[in-house]
Amino acid sequence: MKALITGASSGLGRDMARVLASYGIDVIIVARRGERLEQLKEELSELVRVTPICMDLSSVQNCRLLYERVKSEDIDILINNAGFGVAGAFIQGDLERELQLIDTNIKALHTLTKLFLKDFVRRDYGYILNVASAAAFTAGPLMATYYASKAYVRNFTLALRKEMAKMHAHVYISALCPGPVVTEFQEVAQVKFAIKGKPSALIAKTAIDGLLAQKAQIIPGYLMKASYLACKLLPLSVLLEASYHMQKRKEKAAIK
């Protein structure tokens, strides 16, 4: 088997590549930071074949170029992990950075899913893991664009999964919805988590195992499962107030 992983130079993407390699699955690792990809290749090459591709996927054109470059490789697994967050009041945020977030978190994921899914359906085999977040369960004041992007990822993924089921296709699409993960995300988004994050390696194994088990939605940890249930049961006004105060706490923690 062979997997393509975006955002593979650090954090969750890097650890998912490690898990796949430990399962004997060849990996194509994609990210902007070529030096880190080469380091990961050196680490994993004794286990499997590793192909690093240095590319910025915030450009739809680059997403198309990536697909053209690897479409002959017979990819079995696509993992759309590339993404980042920005924090702060929307009215004060940088528009260009927010648009880059939308390009990376939504448009790149949408484009790659579209291109590879057509091949998977034609072949009647394949797996797609789209990395959403527990942030997808509600709106997120003070991180409005990020939360909205992850809601898109989750809803898009679940809708496609139903389409595949109705077609009786042997193509399985899963949404990963973790809570806080210990990665570089906090530094990029300039936040500090209000609750302790789980180790990236643990989330990565849970994600890959859940994908291969053909789960629709992968929510690691009892606390996040409880949060998901709470988001379904509590009134919207309560959820928004709680979300606002949680983000405010992160903001204050980051300032200290």
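The values are calculated or read from the model by the stated rules, or taken from the named source; none is laboratory data. Just so you know, these numbers come straight off a predicted model, no measurement behind them. Note that we place each Cβ from the backbone using ideal geometry, even for glycine, and neighbour counts take in every protein chain shown. We work out accessible area using only protein heavy atoms, side chains counted, and drop any ligands, DNA or RNA first. Shrake-Rupley method; radii C 1.70, N 1.55, O 1.52, S 1.80 Å.
Observations
- Long-range HN-HN contacts of GLY126 with modeled amide H, under 5 Å: TYR172
- Average accessible surface for the chain: 50 Å² per residue, computed with a 1.4 Å probe over protein heavy atoms with every protein chain in place.
- Placing +1 on the Cβ of every Lys and Arg and -1 on the Cβ of every Asp and Glu, with nothing else charged, gives the chain a dipole about its Cα centre of roughly 740 debye.
- Anchor LYS248: lysines whose Cα lies under 28 Å away (excluding residues fewer than 8 positions away in-chain): LYS150, LYS192, LYS196, LYS198, LYS225, LYS232, LYS256
- Three-way shape label, segment 8-150, alpha-carbon gyration tensor, a/c 1.5: prolate
- The magnitude of the dipole of segment 83-173, with charges of +1 and -1 set on the Cβ of Lys/Arg and Asp/Glu and taken from the Cα centre, is near 440 debye.
- Accessible surface of the chain, 1.4 Å probe, proportion on carbon and sulfur as whole %: 56
- Angle between the chain longest axis and helix 236-255 axis [Cα atoms, degrees, rounded to 10]: 90
- Tilt relative to the chain, helix 109-123 - C-alpha long axis, 0 to 90 degrees, to 10: 40
- Calculated Cα extents along the principal axes in Å (choose from (i) 80, 42, 31; (ii) 48, 43, 33; (iii) 68, 47, 37), label: (ii)
- Structure note, pairs LYS118/LYS205; LYS71/LYS118; LYS71/LYS114: Cα-Cα distances above 18 angstrom occur for LYS118/LYS205.
- Peptides 143-156, 53-66 ordered by average Cβ neighbours within 10 Å, highest first: 143-156, 53-66
- When each of LYS2/LYS41; LYS2/LYS107; LYS166/LYS215 is checked by Cα-Cα distance, pairs over 18 Å: LYS2/LYS107
- Cα-centre dipole for segment 40-82 with unit charges at Cβ (Lys and Arg positive, Asp and Glu negative), debye to 20: 200
- For the pair segment 84-153 / segment 22-73, the C-alpha centres are spaced 20 Å from each other.
- Under-5 Å amide H pairs with GLY179, H placed in peptide plane, nonlocal only: ALA134
- When the surface is traced with a 1.4 Å probe over the full set of protein chains, PHE90 keeps roughly 130 Å² accessible.
- Protection-proxy order for peptides 199-206, 127-134, each taking the mean of Cβ atoms within 10 Å per residue, highest first: 127-134, 199-206
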